[in-house]
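Please read the structure below before turning to the comments.
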Amino acid sequence: MSLFVDAVGFGIASGAVIALGAVGFTVQFGISNVLNITYGALMTLAAYLGLVLVGWHLSVWLALVVVAVVIGGISVAFNRALVSPLVQRGASPFGLIVVTVAAGIVLQYVVTAIAGPQAQTYGEQGNSSIGVLGMTFSVAQVTIIAITVVVMLALHLLLTRTQLGRAMRATASNRTLARSCGIATDRVSDLAWLLSGMLCGAAGVALAITVVSFDFTLGATFLIPMIAAAVLGGVGQPYGAMLGGLVVGLVTQITGALWDPSYQDVVALGVLIVMLLVRPRGLFGAAWSARRLLA
Amino acid sequence: MSTIRRRVTLALAGVGVVAATVIAAGPAAARLVPAASSSTISVGVVAPFTGPAAEFGQLLSVPCYVGTALINRAGGVLGSTLKCVPVDDTGDPADAVPNVTKAIATTSNFQMAIGLETNTAATTIPLLSRAKIPFFTTNGLVSYNHTTDPYFWRATPADNANGAAFVAFAAHRGWRRIAVIFENTASNEANLPGVMAAIPKENARAVINLSIPGDSSSYSSVVERVLAAHPQVLIFSADPQTTATFLSEYQQLNHNSVPPMITATESLTPDFYDTVSKVIGTSYITHHLYLVGAYFSTRSVAYKVYAKEAYANPLTHKLASTILAVGPPASAYDGLNIMALAMLMAHSTKGSVYDRYITQVVSKKPGAVVVQSFAAGKRALAAGRKIQYEGVVGAITFNRYHNFAGSFAVNVFRPSKAGVLVYVIPGAEVSRLLG
């Protein structure tokens with residue numbers, strides 16, 4: 001029982017990081033309808049930018065904030081320079097995916113060329129333990145969980161209580177109609193890419209803190225669980241992505257604790273397939289219409 | 001791990017194909033060096049030069065640069081000089097095939113090779129053999145213990161012997177409650193059968209035996225299970241990132257205490273030291289982390305020649321302290337000398353011809369002069385003497401399957417990131433555990 005309770009705690013900690021990235025991924029998809037595979041490489045870039053800042057003796061948590069802003073800016077630039085022009089020229093969804101895959105690989109190689117292929121680390125960050133309801137967390141894990149919760153609440157308020165949130169939901173629902181109603185959909189799109197990039201940057205640094213040691217494949221490795229979380233929750237559904245992240249984290253850790261750890265990722269992806277067979281639109285997609293939270 | 005990192009969802013399967021194509025056509029293919037001249041014999045260093053294991057390619061190039069420099073300084077082989085040609089196997093068996101195939105097809109006078117490490121051996125070895133290129137492999141796969149491939153040569157222990165050596169050292173230290181944790185990759189799990197075979201013979205007990213995925217975001221659940229088993233020692237094999245994450249969480253969940261760890265000398269690299277020591281501290285990595293691998297004497301003439309050139313050569317001096325403590329590169333250096341001497345004995349640089357003389361270079365025979373360098377061997381052969389080459393790994397006796405395994409060394413890291421020998425496990429002791 002103790003092992004199970006501990007595994008739940010570890011799952012929440014893992015799920016928090018996955019959720020952070022998954023929400024950013026799904027928000028951008030909900031607004032732009034572009035499956036941005038470059039997201040993984042941007043997480044890698046974020047981890048390495050964090051490394052530079054930590055090397056300058058910046059607090060790792062301050063580095064997380066700075067990197068989030070920087071990656072947000074890069075995300076907007078990426079959209080304006082590459083994605084938007086291709087969309088305007090009528091590129092197919094599959095073509096856009098290929099472009100984002102290619103851009104991700106290029107970015108990953110650039111990072112490797114500059115930083116080298118060897119593993120990197122921020123060093124130990126808040127490794128002392130805290131007991132909560134029988135579960136054990138490190139200070140760093142508690143901090144990341146807190147950051148995730150705050151970000152999720154802020155996102156909820158943004159989407160439901162602000163003019164910008166309403167504009168984002170309107171754009172996600174029907175871009176043409178929103179534009180004809182006077183909404184600056186290009187600006188809304190920019191903001192969605194900014195928000196997504198910031199979450200991507202925060203997730204990249206949080207991942208680097210969590211895994212302790214990382215290399216240039218960090219983003220590519222964790223992009224799959226994040227996409228799984230987003231799909232599990234219902235693509236375009238921020239709350240679904242949060243829940244999806246939690247489910248993926250819990251399933252992997254409980255599998256590791258109670259069964260064979262080498263199958264923990266396999267089981268998580270197996271759960272994804274089964275859930276989609278039962279609820280094809282994801283956990284939130286069946287209850288609410290597609291993209292309802294962003295619509 | 002590189003293959004795991006390329007996982008794609010079913011929805012992105014088509015994209016994955018595109019990505020794999022782009023990767024395969026990337027810097028790996030561009031890394032091949034220009035063709036050598038006809039008076040140059042190309043020595044292929046088949047190893048990862050890109051990807052997560054790229055450091056191995058740099059490390060395995062050192063014995064090639066050292067060996068070819070010494071051979072060329074001694075006048076070369078039958079009027080030809082030797083040149084190292086990096087062949088990037090990327091550490092991935094699928095990606096390795098086009099790169100090695102291209103190297104065989106386009107590299108001028110490609111007549112010998114070293115490297116062919118565990119992750120890619122299954123796909124690269126058949127390519128070299130089909131091209132009739134003799135090679136000294138550093139892979140430890142047990143499946144090659146009884147190979148009948150005539151071009152296969154191995155002067156480094158098989159992984160099952162290495163695994164048994166882990167247990168022998170644990171028993172020597174009195175650690176009988178052993179946690180066995182291996183990352184689920186071919187290269188890491190290769191030591192596992194030897195570990196499990198040896199544990200009962202040392203009256204020890206595997207209190208837990210887990211296979212873990214590499215580069216997971218957390219191993220906390222795994223650590224909890226290991227803690228519950230109360231091990232005295234961890235026999236562990238994983239990449240630096242996985243090791244760092246695991247040890248960090250072990251330390252966190254066990255009140256800053258981590259039991260001693262035994263792993264393979266493949267981890268005796270500056271990268272591993274840097275990554276793990278930053279996470280768990282220098283004290284642990286220099287006092288409680290034991291690295292087990294092939295033993296060789298640092299007092300032999302062969303070693304002194306090897307070490308002197310490694311430190312003096314501008315291409316290798318930066319990595320010399322790292323490489324000189326590890327067995328597989330030493331076996332690759334010896335392999336290079338043996339193949340070059342075999343060429344002299346065969347009066348031919350053609351692989352299919354000189355391959356038959358390799359055993360004769362190292363075998364004991366009446367009246368043979370023992371030589372510990374290529375230069376000494378070349379002089380002796382020129383004087384009409386028979387030779388027996390004794391290398392950095394000592395006197396070599398290949399069995400009928402072209403395998404040789406000597407004793408085992410246990411090293412610990414120095415703060416300089418190089419290794420220092422702390423114990424030698426006799427080869428006979430390891431054989432007993434596997435018998």
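The values are calculated or read from the model by the stated rules, or taken from the named source; none is laboratory data. If you're wondering where the values come from, they're calculated on a predicted model, not measured in any experiment. In this analysis, Cβ positions are derived from the backbone assuming ideal geometry, glycine residues included, and neighbour counts consider all displayed protein chains.
Just the residues that are among the small types (Gly, Ala, Ser) and either within 9 Å of another protein chain (Cβ to nearest Cβ) or at positive phi (or both), please, taken from the stretch A:92-112. Walk me through how you get there before you give the answer.
First, pick out the residues of the stretch A:92-112 that are among the small types (Gly, Ala, Ser): A:92, A:95, A:102-104.
A:Ala102, A:Gly104, listed by residue number.
Mind listing whichever residues of the stretch B:278-315 are touching a residue at least 40 places away in the same chain (Cβ under 8 Å), assigned to a helix (DSSP H, G or I) and over 18 Å from B:Val233 (Cβ atoms)? Spell out the reasoning first.
Filtering the stretch B:278-315 down to residues touching a residue at least 40 places away in the same chain (Cβ under 8 Å) leaves B:282, B:285-287, B:289-298, B:300-303, B:305-306, B:309-310, B:313, B:315.
Then drop every residue that is not assigned to a helix (DSSP H, G or I), which leaves B:282, B:285-287, B:301-303, B:305-306, B:309-310.
Selection gives B:Thr282, B:Val301, B:Ala302, B:Tyr303, B:Val305, B:Tyr306, B:Glu309, B:Ala310.
Pick from A:Ile105, A:Ile71: which is touching a residue at least 60 places away in the same chain (Cβ under 8 Å) and touching a Cys at 6+ places or on another chain (Cβ under 7 Å)?
A:Ile71
Looking at the stretch B:205-221, which of the residues that are surrounded by fewer than 19 Cβ atoms within 10 Å (Cβ to Cβ) and over 28 Å from the mean Cα position of the chain (by Cα) is farthest from the other protein chains (Cβ to nearest Cβ)?
Residue satisfying both the conditions and the ranking: B:Arg205.
Starting from the stretch A:127-156, take each residue that is of a type in the set (A, V, I, L, M) and list its partners that are outside any helix (DSSP H, G or I) and buried (at least 20 other Cβ atoms within 10 Å of the Cβ), counting only C-beta distances under 6 angstrom and pairs at least six apart or across chains.
A:Ile130/A:Phe137; A:Ala140/A:Gln125
Looking at B:Tyr273, B:Tyr250, B:Tyr295, can you tell me which residue is touching a Phe, Trp or Tyr at 6+ places or on another chain (Cβ under 9 Å), crowded, with 18+ Cβ neighbours inside 10 Å, of a type in the set (Ser, Thr, Tyr) and more than 14 Å from chain A (Cβ to nearest Cβ)? Can you show your working first?
Values: B:Tyr273 fails: more than 14 Å from chain A (Cβ to nearest Cβ); B:Tyr250 fails: more than 14 Å from chain A (Cβ to nearest Cβ).
Unique residue meeting the criteria: B:Tyr295.
Working carefully through the options B:Ser348, B:Ser352, B:Ser416, find the one that is over 30 Å from B:Arg173 (Cβ atoms), assigned to a loop (DSSP other than H, G, I, E, B) and either at pLDDT 95 or above or polar (S, T, N, Q) (or both).
Every option except B:Ser348 fails the conditions.
Anything in the stretch B:360-407 that is crowded, with 20+ Cβ neighbours inside 10 Å and β-branched (Val, Ile, Thr)? List them, or say none.
Listed by number, the residues that qualify are B:Val361, B:Val362, B:Val371, B:Ile387, B:Val392, B:Val393, B:Ile396.
Take B:Ala53 and tell me if it is within 14 Å of chain A (Cβ to nearest Cβ), buried (at least 23 other Cβ atoms within 10 Å of the Cβ) and touching a Phe, Trp or Tyr at 6+ places or on another chain (Cβ under 7 Å).
no
If you check B:Pro150, B:Pro240, which single one turns out to be within 14 Å of chain A (Cβ to nearest Cβ), in contact (Cβ under 8 Å) with a residue 12 or more places away in the chain and either of a type in the set (Gly, Ala, Ser) or over 30 Å from A:Val5 (Cβ atoms) (or both)?
The conditions single out B:Pro240.
Against the condition surrounded by fewer than 21 Cβ atoms within 10 Å (Cβ to Cβ) and in a helix (DSSP H, G or I), how does A:Leu45 come out, does it pass?
Here the answer is no, as A:Leu45 does not meet what is asked.
I'm told A:Val235 meets every condition in (1) in contact with a helix residue (DSSP H, G or I) (Cβ under 8 Å, 6 or more places away or on another chain); (2) in a loop (DSSP other than H, G, I, E, B); (3) free of Cβ contacts under 8 Å to residues at least 60 places away in the same chain except one. Can you identify the failing condition by its number?
With respect to (1) in contact with a helix residue (DSSP H, G or I) (Cβ under 8 Å, 6 or more places away or on another chain); (2) in a loop (DSSP other than H, G, I, E, B); (3) free of Cβ contacts under 8 Å to residues at least 60 places away in the same chain, A:Val235 is out only on (3).
Check every one of the helices (runs of 4 or more DSSP H) wholly within the stretch A:163-226 and list those with 3 or more residues that are of a type outside the set (Phe, Trp, Tyr), closer than 26 Å to A:Ile18 by Cα and within 14 Å of another protein chain (Cβ to nearest Cβ). Break it down into steps so the answer makes sense when it comes.
Working: elements: A:163-173, A:175-180, A:185-211.
The helices (runs of 4 or more DSSP H) meeting that bar are A:185-211.
Out of everything in the stretch A:125-144 that is in a loop (DSSP other than H, G, I, E, B) and over 15 Å from A:Ala47 (Cα atoms), what residue ends up being farthest from the other protein chains (Cβ to nearest Cβ)?
A:Leu133
Among the listed residues B:Ala186, B:Ala179, B:Ala161, identify the single one that is modelled with pLDDT of 95 or more and either within 18 Å of B:Thr137 (Cβ to Cβ) or out of contact with any Cys (no Cβ under 6 Å at 6 or more places or on another chain) (or both).
One residue alone meets the criteria, B:Ala179.
Residues that are within 19 Å of the chain's Cα centre (by Cα), over 29 Å from B:Gly51 (Cα atoms), within 14 Å of chain B (Cβ to nearest Cβ) and in a helix (DSSP H, G or I): does the stretch A:65-76 have at least one?
Among the residues of the stretch A:65-76, not one is within 19 Å of the chain's Cα centre (by Cα), over 29 Å from B:Gly51 (Cα atoms), within 14 Å of chain B (Cβ to nearest Cβ) and in a helix (DSSP H, G or I), which makes the answer no.
Go through (1) at pLDDT 90 or above; (2) touching a helix residue (DSSP H, G or I) at 6+ places or on another chain (Cβ under 8 Å) and name the single condition A:Ala77 misses.
Checking A:Ala77 against (1) at pLDDT 90 or above; (2) touching a helix residue (DSSP H, G or I) at 6+ places or on another chain (Cβ under 8 Å), the one that fails is (2).
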